[in-house]
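Contents: one structure, followed by commentary.
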Amino acid sequence: MEEKEQEQEPKKKLKLPLWLIRVVLILVAVLVIVITFILWRILATYDHFEVRSSRARTDSEQTQYMDFNGNLLAYSRDGIFYTDYEGNLIWNESYEMNQPKVEQCQNYLLVYDKNGTQLRILSKMGSEGSISTTLPISAADVAANGTIAVLMQENAVAYLHIYDVDGNMLASGEVHMNKGGYPMDLAISSDATRMMVTMLDLTTGVVQSTINFYDFDAAGDGQTNNLMGTYTYGNMVIPEVDYVADDRALAIGDGELIVFGSGDKPKPEAEIYLKEEIKSTFHDDRYIGVITAAEGSGEEGEHALTVYNLRGKALFTKSFSEDYNNCYFMDKGESVITDGQVLSIYNRYGIRKFYSDFGEGIYQLIPWEGNRNYVLIRKDSIERIRITKE
């Protein structure tokens, strides 16, 4: 007797509700639009500009400019001025400095006279304090609460002083150059609990650099002179140190860049070895820019710009042939390369976002509102510009 074949019921097809299909299609369309917009922002390039407004400069050619908390800061040997971008004065501070240098940490500014004896502590509200030293200042830095660290030198002795915003000395120390080396730079962390000092050490008969880390919080109380760590690098000069994002410590040498962690006992987190001769370095809180000779170019005037993140990863390398006398970062990791007439902007992906020959002396480019608007400091004027394709 033959078994009857069981009839199989046809499988039911899964049917999505019409409303759900519409939602998915809308989400896909939105995602495509967002990705297209992001790619357009990254890949867009410009070579013209429109002047939206202009006003005459009334200061000297030596005046330097920078953005500070959304307004324009101008400083020179005679004083410092803080205005909005329309030119309306917010505050000003007079002084006499032969070589004014500015350091910033969040809402505080430090202006000091390199090789002089004057320091001014300022905020967006105006003057917060002033200090006069008895010895020439080699370097100084400011923390987010207005605490400042000062390096001074006299003959074969270097002095390290830390002051609060009111000018009270919080800590001090000495470095004897015949024992510890020649101090070149210092930096203080944003919370004012840590300090680093780089020294050129010739005591062994060969060139080497030493970086000392100090801690003025609980972690450093049990250490001799609050010293938390020392690193020595042979056959290298390290003239510049700084605290960057998350209070990592950055050391810039003539053949290597070192990023230290922010723990109680700092350790190198990234070391970037540079084979080509370094022509320029610049950095902000999150990126490090290095200009070297273009590898293998063999041509006069060929340069290579490489930008690294704080993990030591090279984000891009771009060759360029233009001469330059200034290089710096703006907001969003944009790099500016200029010779005072021709100017290029590279975004953080290595795309040359803007290139133009302005035809006359330009001093500074400062980001303004949006992605394509900038404030251009010229020899005789301050202009708001918008970069365009034509």
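The values are calculated or read from the model by the stated rules, or taken from the named source; none is laboratory data. Since this is a predicted model, take the numbers as computed values, not measurements. With ideal geometry, Cβ positions are generated from the backbone for all residues, glycine too; neighbour counts draw on all protein chains shown.
Some notes on this structure:
- Residue count for region 106-143, restricted to those that are over 16 Å from Asp166 (Cβ atoms) and small (Gly, Ala, Ser): 4
- Residue satisfying all of: in region 163-192; among the β-branched types (Val, Ile, Thr) and at pLDDT below 95; surrounded by the fewest Cβ atoms within 10 Å (Cβ to Cβ) among these: Val165
- Of all residues in region 38-55 being assigned to a strand (DSSP E or B) and in contact with a Lys or Arg (Cβ under 8 Å, 6 or more places away or on another chain), the one that is surrounded by the most Cβ atoms within 10 Å (Cβ to Cβ): Phe49
- Residue count for region 1-37 under the criterion of being outside any loop (DSSP other than H, G, I, E, B) and either surrounded by 10 or more Cβ atoms within 10 Å (Cβ to Cβ) or modelled with pLDDT under 65 (or both): the result is 17.
- Residue list for region 243-270, restricted to those being in a strand (DSSP E or B) and either among the aliphatic types (A, V, I, L, M) or touching a His at 6+ places or on another chain (Cβ under 7 Å) (or both): Ala249, Leu250, Ala251, Ile252, Leu257, Ile258, Val259, Ala270
- Screening His303 on (1) within 25 Å of Phe358 (Cα to Cα); (2) crowded, with 17+ Cβ neighbours inside 10 Å; (3) within 18 Å of the chain's Cα centre (by Cα) shows it passes everything except condition (3).
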